[in-house]
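Enquirer: Below are the structure tokens for one structure; questions will follow.
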Amino acid sequence: MTHRTLIASTLIGIILFSTLAGCLDSEEDENVIIIAFKTQDDYQNPEANPQLLADFLAEKSGYTVELYPIGSDIAAIEALRFGHADIAFLDGGSAWIAWKQHGLDAILADQKDDGSTYYNAQAWVLNDSEIQTLEDLEGKNSCHTGWLKSAGMLMPMGYMINNGIVEVTGDENDISSLRTTIEAHFGNASIPEKGDLYYSYSGAFRCISEGVGDVAFGKSTSYQDHCEGNDWCLDRESYRPLEPAFGQVPSHP
């Protein structure tokens with residue numbers, strides 16, 4: 001069973017369960033499932049086109065499956081909140097925000113080809129860096145994958161705050177205080193937005209590779225998954241993971 005087929009099969013079960021449980025609002029809507037999904041005009045890899053997933057679901061379930069195009073996880077959450085979509089795929093960090101602030105539920109995690117439903121959040125530094133421990137990161141320049149991203153921000157910051165390595169600046173009950181906390185603890189913090197050069201996992205690794213940052217927050221598999229093969233990527237021996245890892249993050253497409 002392929003990776004995408006496994007996701008689709010799981011969703012079919014959820015759709016059918018929701019229908020039997022009477023979760024759909026009206027007869028007019030009961031045969032339509034709307035999925036909030038990040039779409040783009042062209043796909044270099046045709047298998048990445050979400051329309052294939054929608055068509056597969058429609059064929060297997062007998063329902064009309066429509067895509068609701070969104071540009072970010074925040075837009076996906078808003079689509080769910082206001083009834084524009086029934087299902088959305090979210091980064092683990094965004095899923096936590098959706099649950100914490102709006103009471104939305106996570107109903108499944110993406111399953112990788114090896115059967116795992118998570119990946120490990122890890123910090124990376126250059127091999128010749130003077131940084132040896134998490135405590136050494138204070139005052140250093142940091143490369144995050146984006147604002148409120150799971151492995152690139154929420155997991156490492158949560159771990160370091162809970163272990164007394166980082167002190168919260170501002171109201172700890174206000175999520176915006178995380179930005180002020182990061183800016184107070186690190187030297188210059190790269191917190192890119194979608195479309196920026198250093199956005200996402202590959203961007204964070206590029207950030208340290210090009211000397212912009214001293215530490216990159218990402219996955220334990222960031223080198224082989226998001227660096228290797230790019231013209232800006234250094235040899236594997238040029239990087240080392242910083243221990244300990246921050247914990248497991250639910251997988252997502």
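Enquirer: Does Ala48 satisfy being closer than 24 Å to Cys227 by Cβ, small (Gly, Ala, Ser), outside the structural domain of Tyr159 (by TED's automatic domain parsing) and at pLDDT below 90? Show your work before the answer.
Expert: Values: closer than 24 Å to Cys227 by Cβ: yes; small (Gly, Ala, Ser): yes; outside the structural domain of Tyr159 (by TED's automatic domain parsing): yes; at pLDDT below 90: yes.
It is true that Ala48 is closer than 24 Å to Cys227 by Cβ, small (Gly, Ala, Ser), outside the structural domain of Tyr159 (by TED's automatic domain parsing) and at pLDDT below 90.
Enquirer: Looking only at the range 151-163, decide whether some residue is assigned by TED's automatic domain parsing to the domain that holds Asp235, under 18 Å from the mean Cα position of the chain (by Cα) and part of a loop (DSSP other than H, G, I, E, B). I'd like the intermediate steps shown before the answer.
Expert: First pass over the range 151-163, keeping only residues assigned by TED's automatic domain parsing to the domain that holds Asp235: 151-163.
Adding the requirement that they be under 18 Å from the mean Cα position of the chain (by Cα) leaves 151-159.
With part of a loop (DSSP other than H, G, I, E, B) added as a condition, the list becomes none.
Taking every residue of the range 151-163 in turn, none turns out to be assigned by TED's automatic domain parsing to the domain that holds Asp235, under 18 Å from the mean Cα position of the chain (by Cα) and part of a loop (DSSP other than H, G, I, E, B).
Enquirer: Would you check if Leu126 is in contact with a helix residue (DSSP H, G or I) (Cβ under 9 Å, 6 or more places away or on another chain) and either within 18 Å of Pro192 (Cβ to Cβ) or modelled with pLDDT under 95 (or both)?
Expert: no
Enquirer: Still on this structure, please answer the following. Restricting attention to the range 204-227, and to residues there that are charged (D, E, K, R) and more than 15 Å from the chain's Cα centre (by Cα), which single residue is farthest from Ser129 (Cα to Cα)?
Expert: It comes out as Arg206.
Enquirer: Out of curiosity, is Ala123 aliphatic (A, V, I, L, M) and surrounded by fewer than 17 Cβ atoms within 10 Å (Cβ to Cβ)? Walk me through it before giving the result.
Expert: Numbers: aliphatic (A, V, I, L, M): yes; surrounded by fewer than 17 Cβ atoms within 10 Å (Cβ to Cβ): no.
No; evaluated as a whole, the condition is false for this residue.
Enquirer: Since Lys194 meets every condition but one in (1) surrounded by fewer than 20 Cβ atoms within 10 Å (Cβ to Cβ); (2) closer than 18 Å to Leu234 by Cα; (3) touching a residue at least 60 places away in the same chain (Cβ under 8 Å), which condition does it not meet?
Expert: Only one criterion in (1) surrounded by fewer than 20 Cβ atoms within 10 Å (Cβ to Cβ); (2) closer than 18 Å to Leu234 by Cα; (3) touching a residue at least 60 places away in the same chain (Cβ under 8 Å) is unmet by Lys194, namely (2).
Enquirer: How many residues, within the range 118-142, are within 14 Å of Ala184 (Cα to Cα) and touching a Gly at 6+ places or on another chain (Cβ under 8 Å)? Working first, answer last.
Expert: Kept after step one, since they are within 14 Å of Ala184 (Cα to Cα), are these residues of the range 118-142: 137-142.
Applying the additional criterion that residues be touching a Gly at 6+ places or on another chain (Cβ under 8 Å) yields 139-142.
Of the residues in that region, 4 qualify.
Enquirer: Right, Phe205: more than 29 Å from Ile107 (Cα to Cα), in contact with a His (Cβ under 7 Å, 6 or more places away or on another chain) and either crowded, with 17+ Cβ neighbours inside 10 Å or not assigned by TED's automatic domain parsing to the domain that holds Met153 (or both) or not? Before the answer, list the steps.
Expert: Details: more than 29 Å from Ile107 (Cα to Cα): yes; in contact with a His (Cβ under 7 Å, 6 or more places away or on another chain): yes; either crowded, with 17+ Cβ neighbours inside 10 Å or not assigned by TED's automatic domain parsing to the domain that holds Met153 (or both): yes.
Taking the combined requirement at face value, the residue satisfies it.
Enquirer: In the range 218-239, is there at least one residue being among the small types (Gly, Ala, Ser), surrounded by fewer than 21 Cβ atoms within 10 Å (Cβ to Cβ) and modelled with pLDDT of 95 or more? Lay out the reasoning, then the answer.
Expert: Taking the range 218-239 and keeping what is among the small types (Gly, Ala, Ser), we get 218, 220, 222, 229, 238.
Pick out the ones that are also surrounded by fewer than 21 Cβ atoms within 10 Å (Cβ to Cβ) and you get 220, 229, 238.
Among the residues that remain, those that are also modelled with pLDDT of 95 or more are: 238.
Yes, the range 218-239 has at least one match.
Enquirer: Does Leu67 satisfy being at negative phi, over 16 Å from the mean Cα position of the chain (by Cα) and not β-branched (Val, Ile, Thr)? Can you show your working first?
Expert: Values: at negative phi: yes; over 16 Å from the mean Cα position of the chain (by Cα): yes; not β-branched (Val, Ile, Thr): yes.
In short, yes.
Enquirer: Could you say whether any residue in the range 88-103 is closer than 30 Å to Phe37 by Cβ, free of Cβ contacts under 8 Å to residues at least 24 places away in the same chain, small (Gly, Ala, Ser) and assigned to a helix (DSSP H, G or I)?
Expert: yes
Enquirer: Which pairs do you get when a residue that is of a type in the set (Ser, Thr, Tyr), found in the range 214-236, comes within reach of a residue that is assigned to a helix (DSSP H, G or I), reach meaning Cβ atoms under 7 angstrom, with the pair 6+ apart or on two chains?
Expert: Listed by first residue and then by second, the contacts come to Ser222/Tyr201; Ser222/Phe205; Tyr223/Arg236.
Enquirer: Gly93 - would you say it is modelled with pLDDT under 80 and surrounded by 13 or more Cβ atoms within 10 Å (Cβ to Cβ)? It would help to see each step written out before you state the result.
Expert: On the way: modelled with pLDDT under 80: yes; surrounded by 13 or more Cβ atoms within 10 Å (Cβ to Cβ): yes.
So Gly93 fits the description; yes.
Enquirer: Follow-up. Name the one entry in Leu148, Leu80, Leu108 that is assigned by TED's automatic domain parsing to the domain that holds Ile34, among the aliphatic types (A, V, I, L, M) and not in a strand (DSSP E or B).
Expert: Numbers: Leu148 fails: assigned by TED's automatic domain parsing to the domain that holds Ile34; Leu108 fails: assigned by TED's automatic domain parsing to the domain that holds Ile34.
So the residue among Leu148, Leu80, Leu108 that is assigned by TED's automatic domain parsing to the domain that holds Ile34, among the aliphatic types (A, V, I, L, M) and not in a strand (DSSP E or B) is Leu80.
The values are calculated or read from the model by the stated rules, or taken from the named source; none is laboratory data. What you see is a predicted model, and the numbers here were worked out from it, not measured in a lab. In this analysis, Cβ positions are derived from the backbone assuming ideal geometry, glycine residues included, and neighbour counts consider all displayed protein chains.
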